[in-house]
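The structure appears right after this line, and notes come after that.
Derivation of every value follows stated rules applied to the coordinates shown; laboratory data play no part. Quantities reported herein were computed from a predicted structural model and do not represent experimental measurements. Note that we place each Cβ from the backbone using ideal geometry, even for glycine, and neighbour counts take in every protein chain shown.
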Amino acid sequence: MSLLSTENLKIKISNTRVCDELNIECKESEVWGILGRNGKGKTTLLHTLAGLHPIECGGINLQNKNLSGLNRKQIAQQLGILLQQHENSFPCSVLETVITGRHPHISNWQWENKNDYAIAEDALKSVQLSHLANRPINQLSGGERQRVAIATLIAQNPEILLLDEPNSHLDLKYQIQILDYLCHHTKQHQKTILMTLHDLNLAARYCDKLILLLGDGKTLIGNTKELLSEENLFKLYDYPVKRIKSDNQIIFSAY
């Protein structure tokens, strides 16, 4: 089943053409990656798919319903986005922050119930932050805040997860453990992930399919193993990248 799709999507920001007639179909249990050089529009593409940036032309569908016909609460019940920047204006606790992920599922003027708190506590456990549940959010490190943001998204429990550099600020241990959890959870519960990445080796490890933003609206879309060729990567980064086979795995390294 298609959870997120686009029809001839055109996106532009300032003088940068992000994509021209982009057609994708993200199905249940699929993990998609978006790769490209800085300034080519990876974040803008995610924001557009979430309805946070206007489209120039084309359409976006969530479970076969046009995004433009849904209100923000309806969108948030189906789609969640992890942003690169996390603004915490109020000195609330970690648990109070994570519980906000439940708000799309709560009726107006209702309070969170025991089930919502149980979901939030489980989400904190999944990112190994249960011991900081009562810590003020403004006393956390950058990596801890990133894990809180991921826990908030997990608590929201959307069908579609848009992740903008999910491994940002994270130590190597948490980069692997959290991506392991998110990708396993996605496949187990028939969700879909679309995430921006800089690390080619993480893309090769976790992504089923890729969108390569080449610039000037040009894109390459397809299965990860087929797209990650040295020829395509040179087009993508304007710099040679070597594929190295080691212990039956492919590793990518710049020359």
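Report the full-extension gain for the segment His185 to Tyr239: residue separation times 0.36 nm, less the Cα-Cα distance, to one decimal in nm.
Details: separation 54, 0.36 × 54 = 19.44 nm, distance 3.47 nm.
Net length gain for the segment: 16.0 nm.
Only Lys, Arg, Asp and Glu count, each charged at its Cβ (+1, +1, -1, -1), so figure out the dipole size of segment 143-246 about its Cα centre, rounded to 20 debye. Intermediate results must be reported in sequence, preceding the final value.
Details: 13 positive and 13 negative charges, 59 e Å.
Its charge dipole is roughly 280 debye.
Which FRET efficiency value, to the nearest 0.05, is calculated for Lys173 and Ile221 with the Förster distance at 30 angstrom and r the Cβ-Cβ distance? Intermediate results must be reported in sequence, preceding the final value.
Working: r = 32 Å, r/R0 = 1.07.
Calculated value: 0.40.
Using label points projected 7 Å from each Cα along Cα→Cβ, tell me how many nm separate Cys57 and Trp111, to one decimal.
Reported label-point gap for Cys57 and Trp111 is 5.3 nm.
Quick check: residue separation of Asp122 and Glu28 times 0.36 nm, minus the Cα distance between them. What number comes out in nm?
Details: separation 94, 0.36 × 94 = 33.84 nm, distance 2.31 nm.
Result for the pair: 31.5 nm of gain on full extension.
Using +1 at the C-beta of Lys and Arg and -1 at the C-beta of Asp and Glu, which of Ile193, Gln249, Gly80 has the Cα lying farthest in the positive direction of the dipole of the chain?
Farthest towards the positive pole: Gln249.
Stretch Gln249-Ser14 to full length: gain in nm at 0.36 nm per residue minus the Cα-Cα span? Could you put the intermediate results ahead of the total?
Values: separation 235, 0.36 × 235 = 84.60 nm, distance 4.02 nm.
Extra length available between Gln249 and Ser14 comes to 80.6 nm.
Using 23 Å as the Cα-Cα cut-off, could you pick out the over-long pairs in Lys42/Lys125; Lys125/Lys225; Lys209/Lys242? Show your work: numbers first, answer last.
On the way: Lys42/Lys125 30 Å; Lys125/Lys225 33 Å; Lys209/Lys242 20 Å.
Exceeds cut-off: Lys42/Lys125; Lys125/Lys225.
Among Tyr181, Tyr206, Ile119, flag the residue with its Cα farthest along the positive direction of the charge dipole of the chain, charges on Cβ as +1 for Lys/Arg and -1 for Asp/Glu.
Result: Tyr206, furthest along the dipole toward the positive end.
Given points 7 Å out from each Cα along the Cα-Cβ axis, report the Lys73 to His103 separation in nanometres with one decimal.
Here the modelled spin labels are 1.3 nm apart.
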